[in-house]
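Worksheet for the structure shown next.
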Amino acid sequence: MIDSSISDEKINALIDDQLDAEEKARLLQQIGEDKELAQRYFEYRQIDELVKSAFPQAPDGSSSRRIKPSLSVHPMTAVALVAVMFVGGYLGWLIKPTSGFSAATVSIAEISQTAAIRQSRHNILLHISTMNPAHIQKVFAVAEQLLENGKPDRNIEIVANAEGLGVLRPGSPYVGRIQELADRHSNVKFLACGIARQTADLKEGHAIDLIPQATPIPAALDRIIQRIKEGWTYVKG
């Protein structure tokens, strides 16, 4: 069931950076505390990114945001409407890799069993959104396998958001493993979601620290969309 306590217009205003600092901080805190609201927010951001990429300018030269589908409908309905607009056009480009390899989205369980991916030259984006030890251990195991046994020019990115940001904070039980991977392999990066970091800042009342190996990025979702466009394999949690 969709949480209607926060309007679609308010979420859209946040995405368009139309809220004042106090409203923005309050809404980001609510997003950080409410998983359903966070899901709505990320779905709307994805719609926004798709439309901005497909329509950088309206015919009259105005911003693409003015022709964005209304978010008063369920986000999945909006996604469907966007998809209809893009059939044969934008979506065909989105899933067509620029590197000559097929883009793919697989689960963390699937990738460890997919020899074709392990042996291909795919770049891989691994996603951590939880502090579940079993999931995190699996992500690191897959990353190590791909780095040790894969192609030498393969790039690996591990992006952490939501609760998973804790992996990249000082005191994390995974700091030693991250440092070892970073020291041994120049083709692995650890990315910290800026939205998750802002949420943690607000929740804890101070700016949180990240480990030296963590590279801040604006948003995990934006990175995922970017890498899929570029033909990377996205390994979801």
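Is it the case that the range 3-17 has a residue that's within 18 Å of Glu163 (Cβ to Cβ), among the charged types (D, E, K, R) and either in a helix (DSSP H, G or I) or in contact with a helix residue (DSSP H, G or I) (Cβ under 9 Å, 6 or more places away or on another chain) (or both)?
Looking for residues that are within 18 Å of Glu163 (Cβ to Cβ), among the charged types (D, E, K, R) and either in a helix (DSSP H, G or I) or in contact with a helix residue (DSSP H, G or I) (Cβ under 9 Å, 6 or more places away or on another chain) (or both), one finds none in the range 3-17, hence no.
For the range 179-202, state whether one or more residues are free of Cβ contacts under 8 Å to residues at least 12 places away in the same chain and on the phi > 0 side of the Ramachandran plot.
no
Tally time: how many residues in the range 134-162 are charged (D, E, K, R), under 18 Å from Arg227 (Cα atoms) and surrounded by 13 or more Cβ atoms within 10 Å (Cβ to Cβ)? Explain how you work it out, then say what you get.
As a first pass, look at the range 134-162 and keep what is charged (D, E, K, R): 138, 144, 148, 151, 153-154, 157.
With the extra rule that they be under 18 Å from Arg227 (Cα atoms), the set shrinks to 153-154, 157.
Right, trim to surrounded by 13 or more Cβ atoms within 10 Å (Cβ to Cβ) and you get 154, 157.
So the answer is 2.
Within the bounds of the range 20-29, is there any residue that is in a helix (DSSP H, G or I), of a type in the set (S, T, N, Q), buried (at least 18 other Cβ atoms within 10 Å of the Cβ) and touching a helix residue (DSSP H, G or I) at 6+ places or on another chain (Cβ under 9 Å)?
No, every residue in the range 20-29 fails to be in a helix (DSSP H, G or I), of a type in the set (S, T, N, Q), buried (at least 18 other Cβ atoms within 10 Å of the Cβ) and touching a helix residue (DSSP H, G or I) at 6+ places or on another chain (Cβ under 9 Å).
Looking at the range 111-139 only, could you name the residues that are in contact with a strand residue (DSSP E or B) (Cβ under 8 Å, 6 or more places away or on another chain) and either at pLDDT 60 or above or not assigned by TED's automatic domain parsing to the domain that holds Ser172 (or both)?
Passing the criteria: Ile111, His122, Asn123, Ile124, Leu125, Leu126, His127, Ile128, Ser129, His135, Ile136, Val139.
Just a yes or no: is a residue in the range 168-177 surrounded by fewer than 19 Cβ atoms within 10 Å (Cβ to Cβ), touching a Lys or Arg at 6+ places or on another chain (Cβ under 9 Å), at pLDDT below 90 and not hydroxyl-bearing (Ser, Thr, Tyr)?
no
Working carefully through the options Leu165, Leu181, Leu210, find the one that is assigned to a helix (DSSP H, G or I), touching a helix residue (DSSP H, G or I) at 6+ places or on another chain (Cβ under 6 Å), crowded, with 16+ Cβ neighbours inside 10 Å and among the hydrophobic types (A, V, I, L, M, F, W, C).
Numbers: Leu181 fails: touching a helix residue (DSSP H, G or I) at 6+ places or on another chain (Cβ under 6 Å); Leu210 fails: assigned to a helix (DSSP H, G or I).
That would be Leu165, the only listed residue that is assigned to a helix (DSSP H, G or I), touching a helix residue (DSSP H, G or I) at 6+ places or on another chain (Cβ under 6 Å), crowded, with 16+ Cβ neighbours inside 10 Å and among the hydrophobic types (A, V, I, L, M, F, W, C).
The values are calculated or read from the model by the stated rules, or taken from the named source; none is laboratory data. Owing to the predicted nature of the structure, the values given are computational and were not obtained by experimental measurement. Heads up, the Cβs are rebuilt from the backbone with ideal geometry, glycines too, and the neighbour counts pull from every protein chain shown.
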